[in-house]
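**Q** Let me give you the structure first, and then I'll get to my questions.
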Amino acid sequence: MGLNETPSGERVHIGFFGLRNAGKSSVVNAVTGQELAIVSDVRGTTTDPVKRAMELLPLGPVVIVDTPGVDDEGALGEARVARALRALSSCDVAVLVVDGESGLSEKDRELLAAFRGRRVLSVLAWNKCDLPAARDSLADLGRREPELASSAVAVSALTGEGVHELKERIAALGAPGGRERRVVADLVAPGSVVVLVCPIDASAPRGRLILPQQMTIRDLLDGGCLPVVCRETELPAALASLSGPPALVVTDSQAFGQVARIVPESVPLTSFSILMLRYKADLVGAVRGAAALDRLRDGDAVLISEGCAHHRQCEDIGTVKMPAWLAAHTGASLELSFTSGADFPEDLTRYAAVVHCGGCTLNAREMRSRQDRAARQGVPMTNYGVAIAHMHGILRRSLAPFPEALAALGD
Ligand SMILES: Nc1nc2c(ncn2[C@@H]2O[C@H](COP(=O)(O)OP(=O)(O)OP(=O)(O)O)[C@@H](O)[C@H]2O)c(=O)[nH]1
Ligand SMILES: [Mg+2]
């Protein structure tokens, strides 16, 4: 991803699902106007979900996800189907591509049910409408199931017919509705000074700031606030330079202890990871999950999970620092497991707790679906920022700006 591009976690994710040879890849190419995906008459041409960030007008920055057919067979086929369905958890909009010539199959209906179950908005792309048989089957659907047919768009990836209308439908579904969440600017009045503490150590990326810091600065600018950015070493000087106390201080979690000693108790203080968690997911749930860390015993299994496979800074926290903090906090010898990227186990029940990263590269839907999965299975799940704050005894202070989460912490 280039530095000037919208981060993928901020993009509307649009997934294309359906049977093998329905024309998913062909429709992806028609909708995007690019030869993104390989098309062939061999069933099972697409073997892995393929994600591509792009501009899709009239929607704007999106991620397009092409998936393997859900009727693939054999052990390998089943693994592909599982990956296709897993891709659904990050999708904001699902397009069910139906081979109009053969009509709606049982598997297609199962997909529609899966979309509903995960509350993913969907549209039916009735493909191959250049063929008379496809037109007939759509007319037939209109007679039998008018409601379902009303969510269908007749398209032909071959001739381009209906593709414009399909794009309009996708855009209508993907338009920001409940997505107007703020990172930080809703916490302070316009014009407020907010001090951001960004340590620059060996694990900081060369020549830029990390995504949570960028997003916080951007949101403060959007909100007409005054971000003051410094390292922890310059924090006393930064505070002294202000005409009054700042409205809020936000720090990198790792410097929280040091920063907490410098910032007066009367000034609200929180961390970037807590801001990101609140933005993406359920802060209150993560606060409850942190309490479970106090109950860990010898031999308990704990999953440490990261949303991406390439953040050196996170990797260092996940594989080195978090295990050390957990050991010190619990005094127990724990059985730790690690996952990263798209891997997040379906079955979490063997874990006594899950500690997840802030998910800066995951979108809100993916983060929430991971939290929901843990909640459904009764497994406490927390995140790096909350866990670190808790184990260092500073969670209460870092939740000061969030009364609801503070209440979840109890006394
Ligand atoms: N007549 C007609 N053929 C189409 C249309 N769209 C796709 N096809 C053909 O259907 C076959 C399958 O197309 P793909 O786009 O590879 O299908 P897919 O759903 O991605 O298939 P898998 O990746 O194997 O799951 C190809 O031979 C395409 O040329 C269409 O609108 N009309
Ligand atoms: Mg394909």
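**Q** Testing the spin-label approximation: label points 7 Å from Cα along Cα→Cβ at R43 and R182. State their distance in nm.
**A** Output for this residue pair reads 5.4 nm.
**Q** Between their Cα atoms, which of K107/K280; K51/K280; K128/K280; K128/K167 are more than 28 Å away from each other?
**A** Numbers: K107/K280 32 Å; K51/K280 20 Å; K128/K280 38 Å; K128/K167 16 Å.
In this structure, K107/K280; K128/K280 lie more than 28 Å apart at Cα.
**Q** Please work out the Kirkwood hydrodynamic radius for the chain, using every pair of different C-alpha atoms, and report it in angstroms with one decimal place.
**A** Evaluated over the chain, this radius sits at 23.1 Å.
**Q** For the ranges 318-331, 127-140, what's the packing order if you count other beta-carbon atoms within 10 Å of each residue, average per peptide, and put the highest first? Each step should come with its number before you reach the end.
**A** Values: 318-331: 15.4, 127-140: 17.9.
Descending mean neighbour count gives 127-140, 318-331.
**Q** Further question: Using Cα pairs closer than 8 Å and at least 6 residues apart in sequence, work out the relative contact order for the chain, in percent. It would help to have the intermediate numbers written out before the result.
**A** Details: 760 pairs, mean separation 54.1, N = 411.
The normalised contact order for the chain reaches 13 percent.
**Q** Now a separate question. Kindly work out what percent of the DSSP beta bridges joining two residues of the chain are antiparallel, to the nearest 5. If you can, show how the numbers build up before the last one.
**A** Details: 7 of 52 bridges.
If we restrict to bridges inside the chain, about 15 percent are antiparallel.
**Q** If you don't mind, another one. Provide the descending list of Cα extents for the range 347-397 along its principal axes, expressed in whole angstroms.
**A** 31, 26, 13
**Q** Using alpha carbons only, how many angstrom separate the centre of the range 245-319 from the centre of the range 347-411?
**A** 9
**Q** Which of the GluC sites (Glu not before Pro) found in the range 1-80 are in a DSSP loop and have at most 10 neighbouring Cβ atoms, other than their own, within 10 Å? It would help to have the intermediate numbers written out before the result.
**A** Details: sites: E5, E10, E35, E55, E73, E78; in loops: E5, E35, E73.
Here the GluC sites (Glu not before Pro) that fit, given the DSSP loop and packing criteria, are E35.
**Q** Which of R43, R86, R365 ends up with the largest GNM mean-square fluctuation for the chain, with Cα atoms connected below 10 Å?
**A** R43
**Q** Return the loop-located trypsin sites (Lys or Arg not before Pro) in the range 201-262 (DSSP other than H, G, I, E, B) with at most 12 other Cβ atoms within 10 Å of their own Cβ; answer none if there are none. Mind dumping the intermediate values first?
**A** Details: sites: R206, R208, R218, R231, R261; in loops: R206, R208, R231.
Filter output for the range 201-262: R206, R208.
**Q** I394: accessible area at probe 1.4 Å, nearest 10 Å²?
**A** Looks like 30 Å² after rounding.
**Q** A further question follows. Sorting check: for 209-216, 375-382, 144-151, which peptide has the highest mean count of neighbouring beta carbons within 10 Å, and how do the rest follow? Walk me through the numbers on the way to the answer.
**A** Working: 209-216: 19.5, 375-382: 18.0, 144-151: 11.9.
Going by the mean number of other Cβ atoms within 10 Å, highest first, we get 209-216, 375-382, 144-151.
**Q** Related question: Could you state the angle between the C-alpha long axis of helix 106-117 and the longest principal axis of the C-alpha atoms of the chain, as a value from 0 to 90 degrees rounded to the nearest 10?
**A** Helix 106-117 sits at roughly 30 degrees to that axis.
**Q** Just how large is the dipole of the range 180-411 about the Cα centre, in debye to the nearest 20, putting +1 at every Lys and Arg Cβ and -1 at every Asp and Glu Cβ?
**A** Numbers: 22 positive and 24 negative charges, 38 e Å.
For this selection, approximately 180 debye.
**Q** Please give the helix 211-222 orientation as an angle from the longest Cα principal axis of the chain, in degrees from 0 to 90, rounded to the nearest 10.
**A** Once rounded, one gets 90 degrees.
**Q** I want to verify a result. In a Gaussian network model of the chain, Cα cutoff 10 Å, which of these has the top mean-square fluctuation: G289, G74, G207?
**A** Comparing G289, G74, G207 in a Gaussian network model of the chain, the most mobile one is G207.
The values are calculated or read from the model by the stated rules, or taken from the named source; none is laboratory data. Please read all numbers here as calculations on a predicted model, not as lab measurements. Every residue, glycine among them, receives a Cβ derived from its backbone with ideal geometry; neighbour counts consider all protein chains shown. For the accessible areas, the whole protein counts, side chains as well, though only heavy atoms, and no ligand, DNA or RNA atoms are used. Shrake-Rupley method; radii C 1.70, N 1.55, O 1.52, S 1.80 Å.
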